[in-house]
Amino acid sequence: MTINKLILIRHGESKWNKLNQFTGWYDAELSENGKKEAKNAGFLLKKQKFFFDCAYTSVLKRAIHSLQYILDVINQNWIPVKKSWRLNERHYGALEGFNKYETIKKYGEEKVHLWRRSFDIIPPKISLNDKRFPGHDIRYANLKVDNIPLGESLELTVKRVIPYWKKTIFPQIQEKKRILIVAHGNSLRALIQYLNKIDNEKILELNIPTATPIVLEFNEKYIPIKWYYLK
């Protein structure tokens with residue numbers, strides 16, 4: 001018996017997605033296409049008559065703005081929205097801002113593939129003095145330096161996403177709250193892996209499309225029983 005559904009949505013296409021650049025924690029704007037994608041996700045939810053009690057997102061504007069477009073379409077702007085850095089995209093370290101094809105030319109296809117598609121291999125890290133270091137950004141001012149990544153593998157992304165799920169979001173599921181999460185490809189991949197007990201190799205094959213709602217169904221014991229894309 002299904003008693004609750006959780007909706008996960010990756011943000012719409014960003015300007016850096018369009019340019020094929022490693023984005024990570026860089027605060028890229030949505031492209032015009034990304035705005036349309038987010039609105040279309042809202043129309044899908046509206047068609048299926050989804051209603052939410054609260055929403056969660058990252059502290060990056062491409063996810064925040066996608067959520068705003070979605071809430072506009074479904075006319076639920078008034079629900080509480082909670083933002084957390086723990087739902088941010090994976091931090092790509094020194095690769096952030098570089099075109100993916102140019103990075104392959106520089107480092108070689110095999111090495112870049114390992115950085116992108118290995119579970120536990122971290123790309124080259126940035127330094128604390130690098131202008132891209134998130135510690136220079138006021139939105140992370142309340143974090144300890146040790147908690148701010150210089151580069152992350154998917155494994156490290158999982159380690160920051162899942163505690164937030166357990167402590168903050170899952171208790172809301174247990175209270176039968178209807179939850180919408182708008183975040184990023186890798187933070188959502190981390191969550192899907194954990195909830196569906198997907199092994200470290202299989203999860204790397206999962207590519208989450210932009211602005212396509214994912215439905216996770218839970219049984220009466222709050223155990224995930226299936227997940228699928230909303231169409």
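The values are calculated or read from the model by the stated rules, or taken from the named source; none is laboratory data. As the structure is a computational prediction, the values presented were derived from the model and not from experiment. So basically every Cβ, Gly included, is an ideal-geometry build from the backbone, and we count neighbours across all protein chains shown.
If you go through region 93-138 and keep only what is in a loop (DSSP other than H, G, I, E, B) and of a type in the set (A, V, I, L, M), you end up with ILE121, ILE122, ILE126, LEU128.
Could you go through region 14-26 and let me know if any residue there is of a type in the set (Lys, Arg), modelled with pLDDT of 95 or more and in contact with a His (Cβ under 8 Å, 6 or more places away or on another chain). Scanning region 14-26, I find no residue that is of a type in the set (Lys, Arg), modelled with pLDDT of 95 or more and in contact with a His (Cβ under 8 Å, 6 or more places away or on another chain), so the answer is no. Only one residue in ARG189, ARG178 is under 12 Å from the mean Cα position of the chain (by Cα) and of a type in the set (D, E, K, R), so which one is that? Just a single option satisfies the conditions, and that option is ARG189. For LEU114, the criteria (1) without any contact (Cβ under 8 Å) to a residue 40 or more places away in the chain; (2) closer than 25 Å to LYS159 by Cβ; (3) touching a helix residue (DSSP H, G or I) at 6+ places or on another chain (Cβ under 6 Å); (4) not small (Gly, Ala, Ser) hold in every case but one, which is (3). Restricting region 1-29 to residues that are over 15 Å from the mean Cα position of the chain (by Cα) and outside any loop (DSSP other than H, G, I, E, B), the residue that is surrounded by the fewest Cβ atoms within 10 Å (Cβ to Cβ) is THR2.
Give me a count of the residues in region 75-106 that are more than 30 Å from CYS54 (Cα to Cα), surrounded by fewer than 17 Cβ atoms within 10 Å (Cβ to Cβ) and either among the polar types (S, T, N, Q) or at pLDDT 95 or above (or both). So the count comes out to 1. Look at region 129-150: where a residue is within 16 Å of SER84 (Cβ to Cβ) and touching a residue at least 60 places away in the same chain (Cβ under 8 Å) and a partner is hydroxyl-bearing (Ser, Thr, Tyr) and not in a loop (DSSP other than H, G, I, E, B), sitting 6+ places away or on another chain with Cβ atoms under 6 Å, you get PRO134/TYR140. Scanning region 152-179 for residues that are surrounded by 13 or more Cβ atoms within 10 Å (Cβ to Cβ), out of contact with any Asp or Glu (no Cβ under 6 Å at 6 or more places or on another chain) and not in a helix (DSSP H, G or I) returns GLU152, ILE179. The set of residues in region 73-83 that are among the β-branched types (Val, Ile, Thr) and outside any helix (DSSP H, G or I) comprises ILE79, VAL81. When LYS197 is tested against the conditions (1) out of contact with any strand residue (DSSP E or B) (no Cβ under 9 Å at 6 or more places or on another chain); (2) free of Cβ contacts under 8 Å to residues at least 12 places away in the same chain, the lone failure is (1). Note on region 45-72: among residues that are part of a loop (DSSP other than H, G, I, E, B) and not hydroxyl-bearing (Ser, Thr, Tyr), the one that is surrounded by the most Cβ atoms within 10 Å (Cβ to Cβ) is LEU60.
Taking region 203-231 as the range and being surrounded by 11 or more Cβ atoms within 10 Å (Cβ to Cβ) and either part of a helix (DSSP H, G or I) or in contact with a Cys (Cβ under 9 Å, 6 or more places away or on another chain) (or both) as the test, the residues that pass are ILE203, LEU204.
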